[in-house]
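Structure first, commentary second.
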Amino acid sequence: MCSIVRGVKMTNHEITSKQMQAIFILFWAGSAVVTGINPDAKQDSWISILFAGIMILPLLALYVRIIKLYPGLNLFEIVFKIFGNIFGRIISSFFVLYFIHLGGMVTIVFTSFVQILNMPETPELLMTTFIVLLASWSAKNGPENIGRLSKFIWPLVAVSIGITFIVAIKNMDINYIKPIMETNFKSLLSAAFNFSALPLAEIVLCICFFSSVNTKAKPAKIFTKSLISFIILMLAIVFRNILVLGIPTALIFYHPSYQSVSIISVGDFFTHIEVLIGINLLLAGFIKVTVCLYASSLGISKILNISDQKTIIVPCALLINTITGMLYSNPQANLMFIKVYPFYFFPIQVILPFIIWIGAEIQSKINTAGAQSKAQ
């Protein structure tokens, strides 16, 4: 697809369906691969994940409908087309602030993981600067570059998780997952709601990529396949963590995925398999930060009516890097914020897309009625 829509310069390349699916999965996995156990659902965390997959379906259907009503446009182009310049800028500003904040949150997850488990003496600023600059380089090369990277990285992440699951079987105890459904239904729904908000509903970011997706691609198919793949991935992680550590032990650690894999070994030679968890977080987290950076720069260029989006990427990277140092003073503060995260960002993830959908439907009917009047 090669176009310049409303002043924002686009690339001459397209993102394929498989590349878009890989972006979705890695975006979701960016901060989820190192956790995997909800303290409210405990050994029923896998059930809460299944519930979350069902709960998110109406919202995904909403996103699909918006994309179908405005094929070839990204999120900000759709917002401006429906609400005009003034209200379009206001709504887009909320999305941009959310994207930058989310990018900062993901960067914090990455840096805290590295500091706590591997390099406690390494300055946080050095690590955040490294990942943000790397993400800005990738985002500058355009959405098709993010798509190619994601398609290459996704199999590596899937295979590494599969390897850790298979190797961990000998350390698993099936009794750790019993009793099933002991968690009260309210806590189970709360855990499912939290998981649907973080990370599933964050996928609103990825609507920004649909202006570069192949026009023959089917959005509903992309969303469905991506969701199923990610749910399977998370179920493998949750079962591995629970069956290896047990709930009382798993809840002690900030990163149960790392701890569950750290006790796995194959003989006396193949040890320290936990390095795969660090690689997974590095790869998936890098893609998620890159997506946040690309989407926020796209929004700012639209709001400021700047023709070349690439000029905004480095300032956005600096914003994310700055907000990373301002958000949380320690991992405990991060975990406390995650508990209120679903309510904090509910307007951005659900209410604004719902308003956009209503506006899109109204505008579509008006345009259809106008076309019929001209035809008559």
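The values are calculated or read from the model by the stated rules, or taken from the named source; none is laboratory data. Please read all numbers here as calculations on a predicted model, not as lab measurements. No Cβ is skipped: glycine too gets one built from the backbone with ideal geometry, and neighbour counts run over all protein chains shown.
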- Item | Residue list for the stretch 35-45, restricted to those being surrounded by 23 or more Cβ atoms within 10 Å (Cβ to Cβ) and either at pLDDT 95 or above or part of a helix (DSSP H, G or I) (or both) | Asp44, Ser45
- Query: Among the numbered criteria (1) over 23 Å from the mean Cα position of the chain (by Cα); (2) outside any helix (DSSP H, G or I); (3) buried (at least 16 other Cβ atoms within 10 Å of the Cβ), which single criterion is violated by Ile180?
  - Reply: (3)
- Message: Scan the stretch 125-138 and tell me whether some residue there is touching a Pro at 6+ places or on another chain (Cβ under 7 Å), assigned to a helix (DSSP H, G or I) and surrounded by fewer than 22 Cβ atoms within 10 Å (Cβ to Cβ).
- Response: no
- Item | Close pairs from the stretch 72-96: first part of a loop (DSSP other than H, G, I, E, B), partner surrounded by fewer than 19 Cβ atoms within 10 Å (Cβ to Cβ) and polar (S, T, N, Q), Cβ under 8 Å, at least 6 apart | Gly72/Ser3; Gly72/Thr215
- Query: How many of the residues making up the stretch 46-75 are crowded, with 17+ Cβ neighbours inside 10 Å and of a type in the set (Gly, Ala, Ser)?
  - Reply: 3
- Go through the stretch 218-243 and give me each residue that's surrounded by fewer than 18 Cβ atoms within 10 Å (Cβ to Cβ) and over 17 Å from Gly30 (Cα atoms). Lys218, Ala220, Lys221, Thr224, Lys225
- Query: Does Leu189 fit the bill of being on the phi < 0 side of the Ramachandran plot and either without any contact (Cβ under 8 Å) to a residue 24 or more places away in the chain or crowded, with 21+ Cβ neighbours inside 10 Å (or both)?
  - Reply: no
- Note on the structure: Checked the stretch 183-203 for anything within 23 Å of Phe99 (Cα to Cα) and not in a helix (DSSP H, G or I); matches are Leu198, Pro199
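Sort out which residues of the stretch 143-172 are more than 16 Å from Ser257 (Cα to Cα) and more than 18 Å from the chain's Cα centre (by Cα), and write them in order of number. Steps first, answer last, please.
Initially, the stretch 143-172 is screened for residues more than 16 Å from Ser257 (Cα to Cα), giving 143-156, 170.
Passing the criteria: only Lys170.
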